[in-house]
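Chemist: There's a structure below that I have some questions on.
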Amino acid sequence: MTKVSFLTLLFILLNFNAIAQLSENSWRDHLSYNSGRVVAVSGDKAYCATDLSVFYLDKDDYSLNHLTPIEGLSEIGVSCIAYADESHLLVVVYTSGNIDLVDDNNRVINMSGLKDADFTTDKRTNHISIVGKTAYLSCNFGITAINLEKREFADTYILGENGNYQKINCSAVYGDYLYAFTPNGMMRGRLDNQFLTDIKNWEVLSQFDANHNYNTGCVFNGKLLVNEFYDDGYTCRVSTFDGECCDALWDSLPNVKSLTSRKGLLVRTTNWNIDIFDEKFEATNQCSDYEIGMGVADDAHNVWFAHASRGLGRCSWWGEQFFTPSGPGKNQFFSITYNDGEMLLAPGGKDRITAVNNGQAISIFRFVDNNWVGMDNTNFANGRDVTSFITRGNRNHFLASSWSYGLIEYNNGNYNWLIHQSNDTVIQDSYKVIRISSGYYDSKGNLWVNCSNTDNYIAVRTPSGKWYSYAYESQLSDQHLGKMLHTYKGDFWLTTPGKTGILVFNTNNTPETNADDSYDYFMPANENGEYLNSYINDIVEDNEGKLWIASDAGVYVYDNPEYVLEGKPFYGRQPQMVIDGYYQTLLGTEKVNSIVIDGGNRKWFGTAGGGIFVISADGTTQYAEYNTTNSTIFSNNVLSMSLDYDKGILYIITDKGLQSAAISSSIPKKSYSDIFAFPNPVEPSFNGDVQIRGLMDNTVVRITDLYGNLVFETMSSGGGASWNLRNMSGQPVVSGIYLVQCVTDDGEKHETEKIHVVR
């Protein structure tokens, strides 16, 4: 054995698990920040919360920054935020009841007591009132008080009759009382009453109609302001209350959303306007927009507000401005597809079993060259639910399936209907509906699609534009079809999401006729004839030509998929893993939604409740597991994944949005002609791993300084490797130029790249 071969083996053994690890610094969020809901301001920041996360604008340099679990927050899914001026803390409350206190340096203190509390109702917080160093959380069960100085819970007030839960929309401290705004009247309790947790010590205020909804209010100019909805649930009246008498201030307002007071200004938001008043209740400014939400004034008397489609807004004497971090236009996606260096996102959807549309308006999002690009959907108003993409390895051209409506073609910047339900085509069902689950372009430019609920469910469009369609098994004609896969040996595999089986066919390179085709239709079974789970969610071909199938009950693999059409013994195999000394079926208890094969032929499985599992090429060894407990993945419910094979970046769709992470393995190259490192140069603010791409498989990668001194050494996985910017002793490297040297199995060395590190 040569010295280099021994070194190669040594690194395989030592880095057995490391090659599949995701560095915490490699995670990145790709959330939409368009839908602003709640705002808060400090001296130098303006915060905005969406339904999932938080972002803020630094008022000094107008930079936009994210706050997600990647930056240290505890969860995804924000219910409410507020800023405590005296404590210099941003209070972030999640829909689960979990609470984060974020200081001005973005350090996070977590308080999980409410999340862990045993309530039989949900724990959503509707409003946070900050009084001194106390935060009062108005929740769906009552009010919870937090001592911000001690970082501990104080009291919880359950205000329903007979100890039942009572939804609280808002709270305010006025005089000696804590006031509770409810959907059915107003209540108050004296704060100096040591038994305030007893509902008997709360007073129902007769001055307010017990049949009306009171959603917001604040203390301003020595009075308590209260907003009341009339019976129509839309028209509002704002009154002042001095503790005894209630007087109408404004009447017949359209849907008052919030009343806030800060720095001598009262901010009132309605369906259409932000109105700003001084202490005499005289209007000083107004901004108008039909999607305005909550607003609050800052120290400079700017008003920052949440906007339903433009994120964070600012209203000042010179007008309105909007600030939104870059991201896709939505957070809910059905599928993701890699296409020639870009990612394509389908925000449509359909029910997996019934195939009923989710009703999402036509839209497509592309992540290309580190930028988000949305489609112009002006001409697609009558379409719904983009669900899948058909690509040709060219970012200037792809097709998108609009479930029930047809095929959209993107060609060099333009979107058009290629096929629409109004056309008379061979791929419609009897209701003029076009249901394409997936498709494929073959090497000759033929477009293959599967068409659900039609008599001829296989269709092909030749480069000349002529359509042909046919069927092999009549029982599939009325079925909702699933994924279509074209193997490297030329066979087509067609799955169904239910208990209908798998169809495999080969057209003998004559798509215009099926007379010379071969096919087989079967229910998946193992070598003992026992049926495997037929609820199939994904099917992929690995680097060795084996087919891996993700089902509702784990994973199975066909080692020789071509056997099915060759008449040879054919069955699915469930890989077995040794865990705690016992054999266990690979992910046998997991619903597996998605499979990605990396450059090293490892399998990345996205599951419905367990997060992501990284498994060896043969399926017998688990390398890693990523869930919300041990990583910054947003949710354990992984819906779809796709890999940028050039850069080695894994994109993950969860039920709580899109994120990505750099993995060490990309597609290996046949030479070292395309090696690159990123980021390069490495700026002082960067704290992640440098990714090295374009390598050959099993390359020994050595990082040296300009004098040839060895700084770091690792082995590539597939076509990629990473460097944590530390030396062999684990110390951070200093500023300088570093060389990437690559050594192959035959001992040949190449100096291929320079990395500039700036500290």
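The values are calculated or read from the model by the stated rules, or taken from the named source; none is laboratory data. This structure is a prediction, so every number in the text was calculated from the model and none was measured. Neighbour counts are summed over all protein chains in view; Cβ atoms, including those assigned to glycine, are modelled from backbone coordinates with ideal geometry. Just the protein is used for accessible areas: all its heavy atoms, side chains included, with ligands, DNA and RNA removed. Shrake-Rupley method; radii C 1.70, N 1.55, O 1.52, S 1.80 Å.
Every residue, every condition in (1) modelled with pLDDT of 90 or more; (2) part of a loop (DSSP other than H, G, I, E, B); (3) among the hydrophobic types (A, V, I, L, M, F, W, C), yes or no:
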site	(1), (2), (3)
H480	no, yes, no
L494	yes, no, yes
K499	no, yes, no
L503	yes, no, yes
N509	no, yes, no
E512	no, yes, no
G529	yes, yes, no
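Chemist: Could you look through the stretch 560-585, keep only residues that are in contact with a Ser or Thr (Cβ under 8 Å, 6 or more places away or on another chain) and not polar (S, T, N, Q), and pick out the one that is farthest from G501 (Cα to Cα)?
Modeler: Among them, the one singled out is V578.
Chemist: Find the residue count for the stretch 278-313, including only residues that are within 19 Å of A82 (Cα to Cα), in a strand (DSSP E or B) and open to solvent by less than 10 Å² (accessible area, probe 1.4 Å).
Modeler: Here the count works out to 11.
Chemist: Can you go through L312, L249, L259, L266 and tell me which one is farther than 20 Å from G217 by Cβ, modelled with pLDDT of 90 or more and of a type in the set (A, V, I, L, M)?
Modeler: So the residue among L312, L249, L259, L266 that is farther than 20 Å from G217 by Cβ, modelled with pLDDT of 90 or more and of a type in the set (A, V, I, L, M) is L312.
Chemist: Only one of these conditions is not met by M187: (1) in a strand (DSSP E or B); (2) without any contact (Cβ under 8 Å) to a residue 40 or more places away in the chain; (3) more than 16 Å from C246 (Cβ to Cβ). Which number is it?
Modeler: (3)
Chemist: Still on this structure: Condition first: under 21 Å from Y558 (Cβ atoms), at pLDDT 95 or above and of a type in the set (S, T, Y). Can you find one or more residues in the stretch 609-621 that meet it?
Modeler: no
Chemist: Scan the strands (runs of 3 or more DSSP E) fully inside the stretch 43-159 and keep the ones with 1 or more residues being more than 21 Å from M187 (Cβ to Cβ) and over 26 Å from the mean Cα position of the chain (by Cα).
Modeler: Because the criterion is at least 1 residues that are more than 21 Å from M187 (Cβ to Cβ) and over 26 Å from the mean Cα position of the chain (by Cα), the strands (runs of 3 or more DSSP E) in the stretch 43-159 that meet it are 78-84, 89-94, 143-147, 152-157.
Chemist: Quick one: how many residues across the stretch 339-382 are small (G, A, S) and either open to solvent by 20 Å² or more (accessible area, probe 1.4 Å) or part of a strand (DSSP E or B) (or both)?
Modeler: Residues flagged as small (G, A, S) and either open to solvent by 20 Å² or more (accessible area, probe 1.4 Å) or part of a strand (DSSP E or B) (or both) within the stretch 339-382 amount to 6.
Chemist: Could we say that S239 is open to solvent by less than 50 Å² (accessible area, probe 1.4 Å) and touching a Cys at 6+ places or on another chain (Cβ under 9 Å) here?
Modeler: Yes.
Chemist: Do you know which residues across the stretch 546-576 are part of a loop (DSSP other than H, G, I, E, B) and either of a type in the set (A, V, I, L, M, F, W, C) or open to solvent by less than 10 Å² (accessible area, probe 1.4 Å) (or both)?
Modeler: If the condition is that a residue be part of a loop (DSSP other than H, G, I, E, B) and either of a type in the set (A, V, I, L, M, F, W, C) or open to solvent by less than 10 Å² (accessible area, probe 1.4 Å) (or both), then A553, F570, G572, P575 are the ones that fit.
Chemist: Of the conditions (1) modelled with pLDDT of 90 or more; (2) open to solvent by 10 Å² or more (accessible area, probe 1.4 Å), N450 clears all except one; give me its number.
Modeler: Result: N450 passes all but (2).
Chemist: Quick check: is even one residue across the stretch 717-732 open to solvent by 20 Å² or more (accessible area, probe 1.4 Å) and touching an Asp or Glu at 6+ places or on another chain (Cβ under 6 Å)?
Modeler: yes
Chemist: Limited to the stretch 681-731, what total is found for residues that are part of a loop (DSSP other than H, G, I, E, B) and either among the hydroxyl-bearing types (S, T, Y) or more than 22 Å from L650 (Cβ to Cβ) (or both)?
Modeler: Count: 16.
Chemist: Something else now. Look at the stretch 83-119 and say how many of its residues are under 19 Å from L57 (Cβ atoms), open to solvent by 10 Å² or more (accessible area, probe 1.4 Å) and in contact (Cβ under 8 Å) with a residue 12 or more places away in the chain.
Modeler: Residues meeting the conditions: 6.
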